[in-house]
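The values are calculated or read from the model by the stated rules, or taken from the named source; none is laboratory data. This one's a predicted model, so the numbers in the text were calculated from it and none came from an experiment. Backbone-built Cβ (ideal geometry, glycine too); neighbour counts: all protein chains shown. Ligands, DNA and RNA are stripped out before the accessible areas are found, and what is left, the full protein with its side chains, is counted by its heavy atoms. Shrake-Rupley method; radii C 1.70, N 1.55, O 1.52, S 1.80 Å.
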Amino acid sequence: MAGGITDTGELYSPYVGLVYMFNLIVGTGALTMPKAFATAGWLVSLVLLMFLGFMSYMTTTFVVEAMAAANAQLRWKRMEKRKEDDEDSSSGVSDSDVLLQDGYERAETRPILSVQRRGSPNIFEITERVEMGQMASMFFNKVGVNLFYFCIIIYLYGDLAIYAAAVPVSLMQVTCSATGNHSCSVGDGTKYNDTDKCWGPIRRIDAYRLYLAAFTLLLGPFTFFNVQKTKYLQIMTSLMRWIAFILMIILALIRISRGQAEGHPSMAQLSGIRNLFGVCVYSFMCQHSLPSLITPISKKKHVNKLVLLDYILILAFYSLLSFTAIYCFRNDTLMDMYTLNFTNCKIINVAFIRYFLGLFPVFTISTNFPIIAVTLRNNWKTLFHREGGTYPWVVDRIVFPAITLIPPVLVAFCTHDLESLVGITGAYAGNGIQYLIPAFLAYCSRKDTQLVFGSGTVNKHLSPFRHTFWIVFVLIWGFSCFVFVTANIVLSESKL
């Protein structure tokens, strides 16, 4: 994610790629969606979810198009470099400077249509993994590149703050409710204050901060080293995720079918739109990881159709999860982390399932935290890197990991309001990554493609939303969302 061209990796079929994308998108954000649905009303939530899913699909096709344009330019540069090397090797030393200059002039002025006619019909084939940072370096100016890294760094900070809060919250809710008079009462509608007792003299907020400290001490050191997401770790976390989601949907449906449902959701509550917007944007986030997902797909002819199918399935899944939740539980009993609603004995009397669902975020988020932290650290290094320069040992091994780890832990120390953390992260940094950056990538890559390859060249992975209107629409929508969310926050704060 930090930028740079890497190898493609092991190829897989389009349908395996579809499963990987589904697993990537359906993550932590889905656990906060039922509460956001209940707060905004079912009709408003459904309409906004469908619209934001459509917008996310559109910008996904923009990123795929930019990936193809980046691959084409890399091929073209290599072909030009080989031609220059051949000309240099066949000429005398005295003529080399002239030939090199002539080669650069041809590279800047001559379209590459002739190269395509010589037998390179797949010049736009996506075979090399070009991360978003590298695409930004290729198509944006210096200001644009810095803004890109600023946006993705803020998003990753939000991600880490959400992870750092979610694990201690889950541990606090489960352990504090498993002792004393609160046994099995997490999801029964009982309202707890942070100052309520957890065990002995320890308050709930004290327990939360103790768990946060333990979480930081156990996983924080990984920020100072390199970690890789192994294949088996990914399989394990994906399996646990799907067991948890399916269990929650089935348990909610059983409760509804038995007439035990307590939910009476309203159709619309405009005050909840701000958080719902952020949660939905966060829950559809995949654009920054598309190069790693799309590049290894063996056959990319119908990649946009497969992505569309993925989005339709995800929409159906989010709707099923959220609607079963808001009709099964009263609005005031829905937890920020939906899994915690199933730690109540009245919902499920099997202790193992209660603890599995209650502690589910602990297992899955803990495996992702070091990976996101290392990604953020590498983005900081890339942002400040100067060609040919190296960092002192203290800066490289101490300063960058420290500025990566400390801010999100401080945010998690100050607040454990997961719905707000997810909402703000999605509404601001998520808005930039999901809407603005892909739109600018599509626009700039199209301009560069026409300049280098000629106006008659067609990108085989051109987005179905190829008219400039769609780019303008996405940009207006993205900037409008910034204004709306900011105004909503200011007005909400002024009423307090």
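Each row is one residue, and each column tells you yes or no for (1) surrounded by fewer than 22 Cβ atoms within 10 Å (Cβ to Cβ); (2) small (Gly, Ala, Ser).
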| position | (1), (2) |
| --- | --- |
| 23 | yes, no |
| 45 | no, yes |
| 49 | no, no |
| 52 | no, no |
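So residue 268 fits all but one of (1) in a loop (DSSP other than H, G, I, E, B); (2) among the hydrophobic types (A, V, I, L, M, F, W, C); (3) open to solvent by less than 30 Å² (accessible area, probe 1.4 Å); what number is the exception?
(3)
Please state which one of 452, 411 is touching a residue at least 40 places away in the same chain (Cβ under 8 Å) and closer than 30 Å to residue 210 by Cβ.
Working: 452 fails: closer than 30 Å to residue 210 by Cβ.
It is 411.
Taking residue 65 as the residue in question, decide whether it is within 22 Å of residue 457 (Cα to Cα), crowded, with 22+ Cβ neighbours inside 10 Å, at pLDDT 80 or above and among the charged types (D, E, K, R).
For residue 65, the condition - within 22 Å of residue 457 (Cα to Cα), crowded, with 22+ Cβ neighbours inside 10 Å, at pLDDT 80 or above and among the charged types (D, E, K, R) - is met.
Cβ contacts < 7 Å: first residue open to solvent by 50 Å² or more (accessible area, probe 1.4 Å), restricted to region 477-489; second residue of a type in the set (A, V, I, L, M) and part of a helix (DSSP H, G or I), any location; separation 6+ or different chain. Result?
Hits for this filter: 477/55.
Rundown of residues vs (1) touching a residue at least 12 places away in the same chain (Cβ under 8 Å); (2) in contact with a Cys (Cβ under 9 Å, 6 or more places away or on another chain); (3) assigned to a helix (DSSP H, G or I), yes/no style:
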| position | (1), (2), (3) |
| --- | --- |
| 213 | no, no, yes |
| 219 | yes, no, yes |
| 238 | yes, no, yes |
| 264 | yes, no, no |
| 279 | yes, no, yes |
| 290 | yes, no, yes |
| 293 | yes, yes, yes |
| 305 | no, no, yes |
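Of all the residues that make up region 221-267, how many are small (Gly, Ala, Ser) and modelled with pLDDT under 85?
Selection size over region 221-267: 3.
Out of 82, 106, 118, I need the residue that is farther than 23 Å from residue 470 by Cα, modelled with pLDDT under 50, open to solvent by 70 Å² or more (accessible area, probe 1.4 Å) and of a type in the set (Lys, Arg). Which one?
118
Being within 20 Å of residue 416 (Cβ to Cβ), open to solvent by 10 Å² or more (accessible area, probe 1.4 Å) and assigned to a loop (DSSP other than H, G, I, E, B) is the filter here, so list the residues in region 319-343 that pass it.
Of everything in region 319-343, those that are within 20 Å of residue 416 (Cβ to Cβ), open to solvent by 10 Å² or more (accessible area, probe 1.4 Å) and assigned to a loop (DSSP other than H, G, I, E, B) turn out to be 335, 336.
Residues of region 131-161 being without any contact (Cβ under 8 Å) to a residue 40 or more places away in the chain and of a type in the set (D, E, K, R), which ones?
142, the sole residue that qualifies.
Taking only region 437-451 into account, find how many residues are open to solvent by 20 Å² or more (accessible area, probe 1.4 Å) and either out of contact with any Ser or Thr (no Cβ under 9 Å at 6 or more places or on another chain) or of a type in the set (Phe, Trp, Tyr) (or both).
So the count comes out to 6.
Identify the residue in region 135-157 that is of a type outside the set (Ser, Thr, Tyr) and crowded, with 22+ Cβ neighbours inside 10 Å and, among all such residues, is farthest from residue 452 (Cα to Cα).
Among residues in region 135-157 that are of a type outside the set (Ser, Thr, Tyr) and crowded, with 22+ Cβ neighbours inside 10 Å, the one farthest from residue 452 (Cα to Cα) is 156.
Going through 346, 299 one at a time, which residue ends up being loosely packed, with under 15 Cβ neighbours inside 10 Å, in a loop (DSSP other than H, G, I, E, B) and touching a helix residue (DSSP H, G or I) at 6+ places or on another chain (Cβ under 8 Å)?
Numbers: 346 fails: touching a helix residue (DSSP H, G or I) at 6+ places or on another chain (Cβ under 8 Å).
Only one candidate passes the filter, namely 299.
Among the listed residues 356, 413, 400, identify the single one that is in a helix (DSSP H, G or I), at pLDDT 85 or above and open to solvent by less than 20 Å² (accessible area, probe 1.4 Å).
400 is the lone residue from the list that is in a helix (DSSP H, G or I), at pLDDT 85 or above and open to solvent by less than 20 Å² (accessible area, probe 1.4 Å).
Residue check, residue 391 against (1) free of Cβ contacts under 8 Å to residues at least 60 places away in the same chain; (2) touching a helix residue (DSSP H, G or I) at 6+ places or on another chain (Cβ under 6 Å); (3) in a loop (DSSP other than H, G, I, E, B), all met but one. Which one?
Single failed check for residue 391: (2).
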